[in-house]
Structure formats: structure tokens, C-alpha cells
Amino acid sequence: MIEFALAYAPRYFMGTLVGLGLTVFAMAGALVLGLLVALGRQSRSRVLRAICVSYVAVFRGVPPLVLLYVVYFGLPAWAVQSGIPGMVALFSPLDNRLASATLAFAVNAGAYVAEILRASMMAVPADQMDAARSIGMTYPTALRRILLPQAFRIAFPPLGNEFIIILKGTSLASVIGVTELMRTAQNVAAATFLNLQAYLLAAFFYVALVILLQGASTLVERRLRRPGDHDRSLIV
């Protein structure tokens, strides 16, 4: 097993980098979507709230693998068959495997991130925003300087966990041919017929990466919890 690992470790390392890059971009997209949906759910508009609630309900219910098939196989094919002008050009980027996987994972994770951020914003005392408005801050300014910094500190641990969930979920991208860690293991297993060794080595890389990410997340979380660092508020 040691000789096998030494021989194929570089290929697995490259697959790990692809999966990690896919995770970073998907998480970035999920944060943007999640923040917009979380804010939308607190809007005074019933229509906007209904749209955001529907988004969370739908994309928390659709399995990531199904969503991946819809994005990569379904949408480009529908664009061609629809005959609607501009549809093919609009969905043509989804012919790229990495683009499709990133979009699918971002949309799926965005539903969970939205709930994390919404709960975190609700955990910030309401008098923080009231005090900000009372000294003349506009709502966007108060949101940017008062509410969101505190909410993101509260949300950091579950967001770190969501990042790890996305990372492990990138193994699903192998079904559309993305050469991440799982696809690398499949290729090595097919070439060597050493299935057990190939998949055990992939498992080792996943476990090692998750342990490193958990350690980094813990360090950042401790930094955010230092006395006097997370208790700052508008009112002294």
C-alpha cells in the first residue's frame, strides 16, 4: 500500500486541488446567494419573502446529484430544444463541467447558507440596528457596519462545517467527468485493478484535508471569540 501511495500520490494531490478549488468557488457563490436570500426573507415584501422561502424549500429538497444532472445535462439540452432565441448562448457555459458543478453546488449550498445567515442575523440583538438608525445611519450602512459583521462571527462555525460538506460533496462531480479526487481514484482503479488501494488512498486524502480544515476553522473561531473582540457593539 505504501508503494502504491507513493506512486500515485501526485495524481491524487492534483485531484485534491481541483476539488478544493471547486469547493472555494461553490462556497463563494453560496455565500452570495445565501446572503441575498437571508435578507430577502426579512424583507417587508410578501412576494420577495415567498420567493426566498420557495428557494430554500426547493433546493434543500433536491439532492445535489440530481441538481448536478439537471444543470449539466438538462439545461443545455432544453436550451437547444426550446428554440427560444438567446437560450443556447445563455446556457452554453454549462457545457463546461467545472462551471456546471460549481453552479449546482453553489445553488444547493446557498439554501443552507441562507438559513445559517438568517438565524445568525436574528441572533444579533435588535437594539444594535435601532441604535445605528437613531444616530442617522442608513439601513445599508447599518447592515454593513453593524449587523453583518456580528452575524458572520456567529455564523462562522456552521459556515465552516458547510464548507467541509461541499468539499466532500464534490466527489459527486466525478459522474460528469470532473477529474477531482474521486474521479482520480476511479481512473487509477481502472488502470491498475487495485480497487481497494485506489479508493482507500482517496479516503485518506479526504480525511487528511477535512482534519486540516477543521483545525484551521477552530483556530479562526478561537480568534473570533477572544475577550473584547466579539463583544464590541455600537453602544459602549
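The values are calculated or read from the model by the stated rules, or taken from the named source; none is laboratory data. Nothing here was measured: the structure is a model prediction, and the numbers come from that model. Virtual Cβ from ideal backbone geometry, glycine too; neighbours counted across all protein chains shown. Heads up: the accessible areas ignore ligands, DNA and RNA and are worked out on the full protein's heavy atoms, side chains in. Shrake-Rupley method; radii C 1.70, N 1.55, O 1.52, S 1.80 Å.
Kindly indicate whether any position in the stretch 60-77 is among the hydroxyl-bearing types (Ser, Thr, Tyr) and more than 30 Å from Leu147 (Cα to Cα). Don't jump to the end; show me each part of the working.
Applying the first criterion (among the hydroxyl-bearing types (Ser, Thr, Tyr)) to the stretch 60-77 yields 69, 72.
Filter once more, keeping what is more than 30 Å from Leu147 (Cα to Cα): 69, 72.
Yes, the stretch 60-77 contains a residue that is among the hydroxyl-bearing types (Ser, Thr, Tyr) and more than 30 Å from Leu147 (Cα to Cα).
Conditions tested, residue by residue: (1) assigned to a loop (DSSP other than H, G, I, E, B); (2) under 30 Å from Met14 (Cβ atoms); (3) of a type in the set (A, V, I, L, M); (4) touching a His at 6+ places or on another chain (Cβ under 7 Å).
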| position | (1), (2), (3), (4) |
| --- | --- |
| Ile146 | no, no, yes, no |
| Ile154 | no, no, yes, no |
| Phe163 | no, yes, no, no |
| Val178 | yes, yes, yes, no |
| Gln214 | no, yes, no, no |
Which one of these does Ile154 not meet: (1) open to solvent by 60 Å² or more (accessible area, probe 1.4 Å); (2) more than 30 Å from Tyr69 (Cβ to Cβ); (3) in contact (Cβ under 8 Å) with a residue 40 or more places away in the chain?
(3)
Considering the stretch 106-123 alone, what residues qualify as being over 14 Å from the mean Cα position of the chain (by Cα) and open to solvent by less than 40 Å² (accessible area, probe 1.4 Å)?
Ser120, Met121
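For the structure I just gave you, tell me whether Leu75 is under 26 Å from Ala189 (Cα atoms), free of Cβ contacts under 8 Å to residues at least 40 places away in the same chain, out of contact with any Gly (no Cβ under 6 Å at 6 or more places or on another chain) and open to solvent by 40 Å² or more (accessible area, probe 1.4 Å).
Details: under 26 Å from Ala189 (Cα atoms): no; free of Cβ contacts under 8 Å to residues at least 40 places away in the same chain: yes; out of contact with any Gly (no Cβ under 6 Å at 6 or more places or on another chain): yes; open to solvent by 40 Å² or more (accessible area, probe 1.4 Å): yes.
Spelling it out, it is not the case that Leu75 is under 26 Å from Ala189 (Cα atoms), free of Cβ contacts under 8 Å to residues at least 40 places away in the same chain, out of contact with any Gly (no Cβ under 6 Å at 6 or more places or on another chain) and open to solvent by 40 Å² or more (accessible area, probe 1.4 Å).
Would you please name the residue that is farthest from Gly110 (Cα to Cα), looking only at residues in the stretch 56-71 that are touching a helix residue (DSSP H, G or I) at 6+ places or on another chain (Cβ under 6 Å) and open to solvent by 40 Å² or more (accessible area, probe 1.4 Å)?
So the first thing to find is which residues in the stretch 56-71 are touching a helix residue (DSSP H, G or I) at 6+ places or on another chain (Cβ under 6 Å), and the list is 56, 59-60, 64-65, 67-68, 71.
So of that shortlist, the ones also open to solvent by 40 Å² or more (accessible area, probe 1.4 Å) come out as 59-60, 64-65.
Working: Phe59: 8, Arg60: 9, Pro64: 12, Leu65: 15 Å.
Step by step, filter the stretch 56-71, then rank; the result is Leu65.
Restricting to the stretch 40-54, count the residues that are open to solvent by 40 Å² or more (accessible area, probe 1.4 Å) and in contact (Cβ under 8 Å) with a residue 12 or more places away in the chain. Explain how you work it out, then say what you get.
Residues of the stretch 40-54 open to solvent by 40 Å² or more (accessible area, probe 1.4 Å): 41-42, 44-51, 53-54.
Checking the rest, the ones that are also in contact (Cβ under 8 Å) with a residue 12 or more places away in the chain come to 41-42, 53.
Going through the stretch 40-54 one residue at a time, the tally reaches 3.
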What number of residues within the stretch 90-105 satisfy the criterion of being open to solvent by 10 Å² or more (accessible area, probe 1.4 Å), in contact (Cβ under 8 Å) with a residue 12 or more places away in the chain and among the small types (Gly, Ala, Ser)?
1
So how many residues does the stretch 157-176 have that are over 20 Å from Val32 (Cβ atoms) and either in contact with a Gly (Cβ under 9 Å, 6 or more places away or on another chain) or open to solvent by 50 Å² or more (accessible area, probe 1.4 Å) (or both)?
5
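Just the residues that are over 13 Å from Leu201 (Cα atoms), of a type outside the set (Ser, Thr, Tyr) and open to solvent by 10 Å² or more (accessible area, probe 1.4 Å), please, taken from the stretch 177-186. Show your work before the answer.
Initially, the stretch 177-186 is screened for residues over 13 Å from Leu201 (Cα atoms), giving 177-180.
Narrowing further to those that are of a type outside the set (Ser, Thr, Tyr): 177-178, 180.
Listed by number, the list holds a single entry, Gly177.
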Pairs with Cβ under 6 Å, 6+ apart, first in the stretch 178-194 and of a type in the set (Val, Ile, Thr), second open to solvent by less than 10 Å² (accessible area, probe 1.4 Å) and assigned to a helix (DSSP H, G or I)
Val178/Ala101; Thr184/Tyr12; Thr184/Gly15; Val188/Ala198
